[in-house]
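K.L.:
Got a structure here, written out as structure tokens. Questions coming.
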């Protein structure tokens, strides 16, 4: 009877080790996927920050021109009087 229980445990031990190795490999694969996603997100955030900065500059320039129009009209009207 001793031999059977030992054989049974050896079989379960191999199964457990195989399963642990499989789970470890899955964990490594998931970690690699997360790292790739994190890198991709950082790149996208950097692009968005550049686009936002560009839009801020453009809106400032357009705002300046929009503010100059009424001032220019007021100065021209003042000069024409």
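K.L.:
Which residue fluctuates the most in the chain, going by a Gaussian network model with Cα springs under 10 Å, if the choices are 50, 69, 30?
P.N.:
For the chain, modelled as a Gaussian network with Cα springs under 10 Å, the answer is 69.
K.L.:
Please give the FRET efficiency for residue 59 paired with residue 28, using the beta carbon to beta carbon distance and R0 = 41 Å, rounded to the nearest 0.05. Before the final figure, lay out each step's value.
P.N.:
On the way: r = 47 Å, r/R0 = 1.13.
It comes out at approximately 0.30.
K.L.:
Still on this structure: Using a Gaussian network model on the chain with a 10 Å cutoff between Cα atoms, which of 25, 11, 43 fluctuates the most?
P.N.:
11
K.L.:
Further question: Could you give the distance between the Cα centres of segment 22-43 and segment 61-81, to the whole Å?
P.N.:
Using only Cα atoms, the two centres lie 58 Å from each other.
K.L.:
May I ask for log10 I(q)/I(0) of the chain at q = 0.17 Å⁻¹, from a Debye sum over the Cα atoms as equal point scatterers with solvent left out?
P.N.:
-0.87
K.L.:
Testing the spin-label approximation: label points 7 Å from Cα along Cα→Cβ at residue 7 and residue 73. State their distance in nm.
P.N.:
Each label point is offset 7 Å from its Cα along the Cβ direction, giving 10.0 nm.
K.L.:
Another question, if that's okay. Taking the chain as a Gaussian network, where each spring joins two C-alpha atoms under 10 Å apart, which residue of 14, 38, 28 fluctuates the most?
P.N.:
So, out of 14, 38, 28, the one fluctuating most is 14.
Here, each number is a calculation from the coordinates, and none is a lab measurement. Small disclaimer: the values here were computed from a predicted structure and weren't measured. Cβ atoms come from the backbone with ideal geometry, glycine included; neighbour counts cover every protein chain shown.
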